[in-house]
Amino acid sequence: MFAFITQVRAKPGKRDELIAINNAMQNVTAEEDGVPVYIFHASAEDPDELFYYDLYETEEAYNAHCASDAFQHMMRVFGELAEIKMMTRLVPFGPVKSLPVTGS
């Protein structure tokens, strides 16, 4: 099991487009096996600063996610919408708890 935490900055005027493509990616990923947590956050101080957290059960699940049509589309347009500020691969320890998000 491993995860990524990624910090991105929406390009000027591109936040809504970035959010839309992120929402589409989340909908597709919700149906993927081996990806128990896939959540995006906006900074409370700066709404153009976004953070992604994604957890993968196996390398195979990660590779399948990256090979999906939705992910490939997102990567093709991502550079027009945002700049990656930081991306770190993480190794979880301890129990993993994840519940559906029910509000905003």
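The values are calculated or read from the model by the stated rules, or taken from the named source; none is laboratory data. Source: prediction; values computed, not measured. Ideal geometry is used to build each Cβ from the backbone, glycine not excepted, and the neighbour counts take in all protein chains shown.
Report, by residue number, each residue of segment 8-45 that is among the small types (Gly, Ala, Ser) and not in a helix (DSSP H, G or I). Talk me through it step by step, then tell me what you get.
Of the residues in segment 8-45, the ones among the small types (Gly, Ala, Ser) are 10, 13, 20, 24, 30, 34, 42-44.
Result: ALA10, GLY13, ALA30, GLY34, ALA42, SER43, ALA44.
Residues that are part of a loop (DSSP other than H, G, I, E, B) and modelled with pLDDT under 95 do occur in segment 65-77. Return yes when TYR62 is assigned to a strand (DSSP E or B) and either of a type outside the set (D, E, K, R) or under 13 Å from the mean Cα position of the chain (by Cα) (or both) and no when it is not. It is false that TYR62 is assigned to a strand (DSSP E or B) and either of a type outside the set (D, E, K, R) or under 13 Å from the mean Cα position of the chain (by Cα) (or both). Of the residues making up segment 5-52, those that are more than 14 Å from the chain's Cα centre (by Cα) and of a type in the set (D, E, K, R) are LYS11, LYS14, ARG15, ASP16, GLU17, GLU31, ASP33, GLU45, ASP46, ASP48. Scanning segment 27-46 for residues that are within 21 Å of LYS97 (Cα to Cα), surrounded by fewer than 16 Cβ atoms within 10 Å (Cβ to Cβ) and not aliphatic (A, V, I, L, M) yields a total of 5.
Take the conditions of a type in the set (D, E, K, R), crowded, with 16+ Cβ neighbours inside 10 Å and touching a Pro at 6+ places or on another chain (Cβ under 8 Å) and apply them to ARG15. Does it pass? Criteria met by ARG15.
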